[in-house]
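Everything on this sheet refers to the single structure shown next.
The values are calculated or read from the model by the stated rules, or taken from the named source; none is laboratory data. Please read all numbers here as calculations on a predicted model, not as lab measurements. Don't worry about glycine lacking a Cβ; one is built from the backbone with ideal geometry, like all the others, and counts go over all protein chains shown. In case anyone asks, the SASA skips ligands and DNA or RNA and just uses the protein heavy atoms, side chains included. Shrake-Rupley method; radii C 1.70, N 1.55, O 1.52, S 1.80 Å.
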Amino acid sequence: MARPRTRPTPPRVSEPDLPRHLEPGVLTRHGDLVETSIALGSEAVDGAHARLSESAVEAGSPNRLDLTGAVLADVAIRDLATAEFRSGDGSWRTVTLSGGRIGTLDAQRAHWDGVILRGIRIDYLSVPAATLRDVLIVDCRIGTLDAPGAMLERVRFVDTTVDEFDSRALSSADLDLRGLEALAFTDIRALTGATASRRQIEAHAPAFAAALGWDVRDEASAEEPSR
């Protein structure tokens, strides 16, 4: 007899498979880097449409990192400090982004598969129309999570806070919100099917009531109306 399915299904994630020895390399536009250690300086870095595999992007503080349209497979990005990280229309598979501080992480229309965000502070995380599959977001501090029209499948939050979660037109499967502290959701109805804790439901009860069209008021006085 088949075992009953446990919901929500956890994300299938693993650390990137990196070789012990990495050769130094430079990230360039349309570059193709394999088994490479990439050092970032303080200047803007243009790696748009590059291909990186079995590589590490080491700690750095460029004023802008552009990986628009880039393809990453088995890549570790460590302790990145930048005002702007562009990765829209890119494809990430088995990637970890850990540590550091990012002003804006633009991942619109991106495809993430087996991605871990760990211990990062992000002021603005933008993933509109993106597909996030098997993604773990742990110990992160996010100002705004902008996800209108995104697809989230087997995405789990752990010990993470978000000030505002723009969930308009979001679709999801096996979305686990129990480890998320969110101050506000733009559209609570878009979270249908997500898993939340009882505490979260109680905290966001007014938003659920508004979504159902309930008229919530203080309790009526027990006194009889005057005649």
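Quick one: Asp187 ticks every box in (1) at pLDDT below 85; (2) open to solvent by less than 20 Å² (accessible area, probe 1.4 Å) except a single one, so which number is it? The one condition Asp187 does not meet is (2). Scanning segment 86-102 for residues that are in contact with a Ser or Thr (Cβ under 7 Å, 6 or more places away or on another chain) and either in a strand (DSSP E or B) or modelled with pLDDT under 95 (or both) yields Arg86, Thr94, Ile102.
Number of residues in segment 89-101 that are buried (at least 21 other Cβ atoms within 10 Å of the Cβ) and in contact with a strand residue (DSSP E or B) (Cβ under 6 Å, 6 or more places away or on another chain): the value is 5. When the residues of segment 57-68 are filtered to those that are of a type outside the set (Asp, Glu) and surrounded by fewer than 22 Cβ atoms within 10 Å (Cβ to Cβ), the one that is nearest to Asp89 (Cα to Cα) is Thr68. Of all residues in segment 127-170, exactly one satisfies the criterion of being under 14 Å from Gly114 (Cα atoms), of a type in the set (Asp, Glu) and in contact with a Gly (Cβ under 9 Å, 6 or more places away or on another chain), namely Asp134.
Report yes if some residue within segment 38-51 is hydroxyl-bearing (Ser, Thr, Tyr) and open to solvent by less than 40 Å² (accessible area, probe 1.4 Å); otherwise report no. No; the residues of segment 38-51 include none that is hydroxyl-bearing (Ser, Thr, Tyr) and open to solvent by less than 40 Å² (accessible area, probe 1.4 Å). For segment 27-49, filtering for residues that are at pLDDT below 95 and farther than 12 Å from Leu65 by Cβ leaves 1.
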